[in-house]
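Below is one structure, written out as structure tokens; the observations come after it.
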Amino acid sequence: MVRPPLSPPARRPMAHTHIVTIERHILEEELRHPEARGAFSNILRDLSLAAKVIARQVNMAGLLDILGTAGHQNVQGEAVHKLDVFAQDAIYRAMDHTGLLCCMVSEEREDFIPIPEKFPAGDYILVFDPLDGSSNVDVNVSIGTIFAVLKKVSNHERGSLADCLQPGSRQIAAGYILYGSSTMMVYTAGIGVHGFTLDPSIGEFILSHPDIRIPNPPARSYSVNEAYAARWSPGVRAFVEHLKEGGGEGYSSRYIGSLVADFHRTLLKGGIFLYPSDRTNPSGKLRLVYEASPLALIAEAAGGSASNGRESILDVKPTSLHERTPLFIGSSGLVTMAEEFVARESQS
Ligand code: P6P
């Protein structure tokens, strides 16, 4: 049945008592774009279900025999925590049978994951880090899930590597779930960034942060692991030193060591998060496809920017699923300043 074009609902002024669930918000956003076929909305809705399942497990981690490692390593050679496995399975099971995806990419799997033959395949690819920073869960530090949605470009029914190695500018949506003092889901479909807080008493994500914009002027804060300063390039070292001297009004340093938590603070307060390359990690530590690119789409949709030190993260075409990248992300002015310091070093 062809749905008659509906006039998009006028944006209602957000009254403080106006409860908008993520499902309602996604539907309203879809109605504002009649060309949307609803598949993407269903992907986001299914992801929000997986998020609730993971949140419940993370919040009870201290009470279940689920702490500690699962006794094996992932493709990155990192000890896999049991919650990583749980989160991976929760997302896979929520998404594998919907007929919306042709394949998935996960930090926990070396190759891309085709949708099983027993299920119908769709036109979208989901890339995700099921539980980033999971090593923090044993000490009750906030951790997160990062995801992005791409549209298939090949004619392979169940996807191909080429479908998964698209530049971040080709992402049609991106988001993260932050399992912290409250569980939040933040997403963008490219226009506007919206935050939802889980009300566990009713099991709903409620719109709590409509139209997030990175503040300008930004908070005077930078976020980086300074233990590696001696290994950074001269340009990065000079940039951080410049912030610390800050013309009398020094910057404060904030570093949690959990990417989603550090990024979420940067998104809401402004400033810059950086994980640069160094002598030990010449390509940096963070992954391009399912960490830096999704967060870069969010940062840009909120008025900020994201760079690898030379160019926009969104312009970088991945050459492999798990490739790493340096990351400078947050308030545009600070990201540009970091690029200028890096460029200056290459001229000296
Ligand atoms: P470091 C967590 O292990 C993680 O992948 C990110 O969540 C975080 O930003 C980074 O590593 C922290 O790395 O070297 O500062 O411990």
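Listed here are the residues, each with its yes/no results for (1) modelled with pLDDT under 95; (2) in contact with a Leu (Cβ under 6 Å, 6 or more places away or on another chain); (3) within 16 Å of the ligand (Cβ to nearest atom).
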position: LEU150; (1), (2), (3): no, no, no
position: ILE177; (1), (2), (3): no, no, yes
position: SER181; (1), (2), (3): yes, no, no
position: MET185; (1), (2), (3): no, no, no
position: GLY190; (1), (2), (3): yes, no, no
position: HIS194; (1), (2), (3): no, no, no
position: ILE202; (1), (2), (3): yes, no, no
Checklist entry - Which condition number in (1) open to solvent by less than 10 Å² (accessible area, probe 1.4 Å); (2) closer than 18 Å to TYR222 by Cα; (3) not aliphatic (A, V, I, L, M) is the one that PRO294 fails? => result (2)
Checklist entry - Can you tell me which of SER305, SER332, SER320 is open to solvent by 30 Å² or more (accessible area, probe 1.4 Å), among the small types (Gly, Ala, Ser) and closer than 26 Å to ILE191 by Cα? => result SER332
Checklist outcome for this item: When (1) more than 26 Å from HIS209 (Cα to Cα); (2) within 14 Å of the ligand (Cβ to nearest atom); (3) in contact with a strand residue (DSSP E or B) (Cβ under 9 Å, 6 or more places away or on another chain) are applied to ALA338, the one that fails is (2)
Checklist entry - Is it true that some residue in segment 262-275 is of a type in the set (Gly, Ala, Ser) and either open to solvent by 10 Å² or more (accessible area, probe 1.4 Å) or in a strand (DSSP E or B) (or both)? => result no
Item to check | Boolean, ASN136 is at positive phi and within 16 Å of the ligand (Cβ to nearest atom) | outcome: no
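Can you find, within segment 224-253, the residue that is nearest to the ligand (Cβ to nearest atom) among those that are in a loop (DSSP other than H, G, I, E, B) and crowded, with 17+ Cβ neighbours inside 10 Å? If you could, list the steps in order and put the result at the bottom.
Residues of segment 224-253 that are in a loop (DSSP other than H, G, I, E, B), as a first pass: 224-225, 232-233, 249-251.
Checking which are crowded, with 17+ Cβ neighbours inside 10 Å leaves us with 224, 232-233, 251.
Working: VAL224: 8, TRP232: 13, SER233: 17, TYR251: 18 Å.
Once the filter is applied, the top-ranked residue is VAL224.
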Checklist entry - Looking at ALA87, is it within 16 Å of the ligand (Cβ to nearest atom) and closer than 23 Å to GLY159 by Cα? => result yes
Checklist entry - Only one residue in ILE91, ILE125, ILE146 is in a helix (DSSP H, G or I), open to solvent by less than 20 Å² (accessible area, probe 1.4 Å), outside the structural domain of VAL289 (by TED's automatic domain parsing) and not hydroxyl-bearing (Ser, Thr, Tyr), so which one is that? => result ILE91
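Please find, within segment 187-201, the residue that is nearest to the chain's Cα centre (by Cα) out of those that are part of a strand (DSSP E or B) and surrounded by fewer than 24 Cβ atoms within 10 Å (Cβ to Cβ). Outline the logic, then answer.
Our first condition is that a residue be part of a strand (DSSP E or B); within segment 187-201, this holds for 187-188, 193-199.
Then drop every residue that is not surrounded by fewer than 24 Cβ atoms within 10 Å (Cβ to Cβ), which leaves 188, 194-195, 197, 199.
Details: THR188: 10, HIS194: 13, GLY195: 13, THR197: 16, ASP199: 21 Å.
Only one residue fits best here, namely THR188.
For the subset of segment 165-186 comprising residues that are in contact (Cβ under 8 Å) with a residue 24 or more places away in the chain and not in a strand (DSSP E or B), which member is nearest to GLU291 (Cα to Cα)?
Start the filter on segment 165-186 by keeping residues that are in contact (Cβ under 8 Å) with a residue 24 or more places away in the chain, which leaves 165-169, 171-181, 183-186.
Among the residues that remain, those that are also not in a strand (DSSP E or B) are: 165-169, 180-181.
Numbers: LEU165: 13, GLN166: 14, PRO167: 13, GLY168: 10, SER169: 14, GLY180: 18, SER181: 22 Å.
Looking at residues that are in contact (Cβ under 8 Å) with a residue 24 or more places away in the chain and not in a strand (DSSP E or B), I get GLY168.
Of the residues in segment 268-302, how many are closer than 11 Å to ALA148 by Cα and charged (D, E, K, R)? So that I can check it myself, show each step before the final result.
First, pick out the residues of segment 268-302 that are closer than 11 Å to ALA148 by Cα: 289-298.
Checking the rest, the ones that are also charged (D, E, K, R) come to 291.
Residues that pass the stated criteria total 1.
The values are calculated or read from the model by the stated rules, or taken from the named source; none is laboratory data. Computed from a predicted structure; not experimentally measured. A quick note on method: Cβ atoms are made from the backbone with ideal geometry, for glycine too, and the neighbour counts reach across all protein chains shown. Just so you know, the surface numbers come from the protein's heavy atoms only, side chains and all, with ligands and any DNA or RNA stripped out. Shrake-Rupley method; radii C 1.70, N 1.55, O 1.52, S 1.80 Å.
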